[in-house]
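A.B. asks: I have a structure I would like to understand better, so I am pasting it below and will then ask my questions one at a time.
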Amino acid sequence: MKVIIQIPCLNEEENLPATLADLPREIAGVDTLETLVIDDGSTDRTVEVALECGVDHIIKLPNNRGLSTGFQAGLDACLKLGADIVVNTDADNQYSGEDIPLLIAPILEGRAEMVVGDREVAAIDHFSTSKKVLQKIGSWVVRRLSDTEVTDATSGFRAYNREAALQLLVVDNFTYTLESLIQAGKTQVAVDEVPIRTNAKTRESRLFGSTSTYVRRNGLAILRIYTRYEPLTVFSTLAALAGLAAIGAWMPFLLDWIINGDRSGHIQSLLLGGVLFIVSIQLFALGIIGDLLAGQRVMTQRVFERVRRIELEMEVEPTHRIEPPRERNPV
């Protein structure tokens, strides 16, 4: 059993040593435990520090491509390096590395294919009240959309077994946490969660400058991802709302006609209702088209999975890989 712990990094020369030092050296039931750092175009000494700390593998992207791209590149590299389980953690040492055995336990026991670490956000001191409330609401929405029971949907402390990692394809350029969870639910991957500890805050978040930005970007990400997976549901709902609005616009004319027998007047209401009815039909048509495209997305995802399996059989090397020196200092 081989476990690779991947750590996406962007200018983390200060925090990376503590993050690596916090990782376990061995885990019961695991034969090989390795670390992989994904450098997302850092301009500081992140790569040099990773080498000095003795990481096993380094993937260096030539420029900053975002957290989702770094996550996907790391996942691809871990599979090609023979990982049976891939653990993802953050470079800012937010999550307690000592909880990795707890995180992968459901996979080792065969109870899950994907495990999410629950930070128990309500108990985190440095989270503001508004952030805790928003986290709770956002996670509730994601649970409803993904058909999972994950309490902390935005937690990046996760573990995937080989089969779950092979199926995972993140295309959203902002966040992998939400899309991977919704995708797992839609593809019936067995998802579990375990409570984990968090460490003291080391720096401000680089994803969100303010609470309003957090709400706006996460809200749009959830809507975009869900629309990608359930277009017919989304556009049919919008079409129904537009249809009801059209009926509401026609009501003054209809009531006047039924009650008074007068079919003159109410031109504005008739025009507005007509426009809304056309919009309703167009939205439903978009839902049909989106549903057809969603079917194509599923086939594309299956092709991508097959390509991955073929690459593994052919022992294709990970792209952008830096080979660390054979003699390294211990982590």
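A.B. asks: Report, ordered by the first and then the second residue, all pairs with beta carbons closer than 7 Å, sequence separation of six or more or different chains, a first member in segment 84-97 that is on the phi > 0 side of the Ramachandran plot, and a second member that is buried (at least 22 other Cβ atoms within 10 Å of the Cβ) and not in a strand (DSSP E or B).
C.D. replies: Pairs that qualify, where the first residue is on the phi > 0 side of the Ramachandran plot and the partner is buried (at least 22 other Cβ atoms within 10 Å of the Cβ) and not in a strand (DSSP E or B), are 93/19.
Residues checked against (1) over 15 Å from residue 75 (Cα atoms); (2) small (Gly, Ala, Ser):
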residue: 136; (1), (2): yes, no
residue: 141; (1), (2): yes, no
residue: 163; (1), (2): no, no
residue: 190; (1), (2): yes, yes
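A.B. asks: Further question on the same structure: Report, by residue number, each residue of segment 105-151 that is over 20 Å from residue 196 (Cβ atoms) and among the charged types (D, E, K, R).
C.D. replies: 144, 147
A.B. asks: Only one of these conditions is not met by residue 77: (1) on the phi < 0 side of the Ramachandran plot; (2) surrounded by fewer than 19 Cβ atoms within 10 Å (Cβ to Cβ); (3) not charged (D, E, K, R). Which number is it?
C.D. replies: That leaves (2) as the condition not met.
A.B. asks: Let me ask something else about it. What number of residues within segment 127-142 satisfy the criterion of being touching a Ser or Thr at 6+ places or on another chain (Cβ under 8 Å) and either without any contact (Cβ under 8 Å) to a residue 60 or more places away in the chain or outside the structural domain of residue 218 (by TED's automatic domain parsing) (or both)?
C.D. replies: 2
A.B. asks: For residue 38, indicate whether it is over 21 Å from the mean Cα position of the chain (by Cα) and in a strand (DSSP E or B). Break it down stepwise before answering.
C.D. replies: Details: over 21 Å from the mean Cα position of the chain (by Cα): no; in a strand (DSSP E or B): yes.
So residue 38 fails the test.
A.B. asks: Under the condition of being polar (S, T, N, Q) and buried (at least 23 other Cβ atoms within 10 Å of the Cβ), which residue from segment 1-34 is modelled with the highest pLDDT?
C.D. replies: As a first pass, look at segment 1-34 and keep what is polar (S, T, N, Q): 6, 11, 15, 19, 32.
Cutting the leftovers down to buried (at least 23 other Cβ atoms within 10 Å of the Cβ) gives us 6, 19.
Working: 6: 97, 19: 94.
Among those that are polar (S, T, N, Q) and buried (at least 23 other Cβ atoms within 10 Å of the Cβ), it is 6.
A.B. asks: Check 250, 257 and return the single one that is touching a Lys or Arg at 6+ places or on another chain (Cβ under 7 Å) and free of Cβ contacts under 8 Å to residues at least 60 places away in the same chain. Break it down stepwise before answering.
C.D. replies: Working: 250 fails: touching a Lys or Arg at 6+ places or on another chain (Cβ under 7 Å).
Answer to the check: 257.
The values are calculated or read from the model by the stated rules, or taken from the named source; none is laboratory data. No experiment lies behind these values; they were computed from the predicted model shown. Methodologically, a virtual Cβ is constructed for each residue, glycine included, from the backbone with ideal geometry; neighbour enumeration extends over all protein chains shown.
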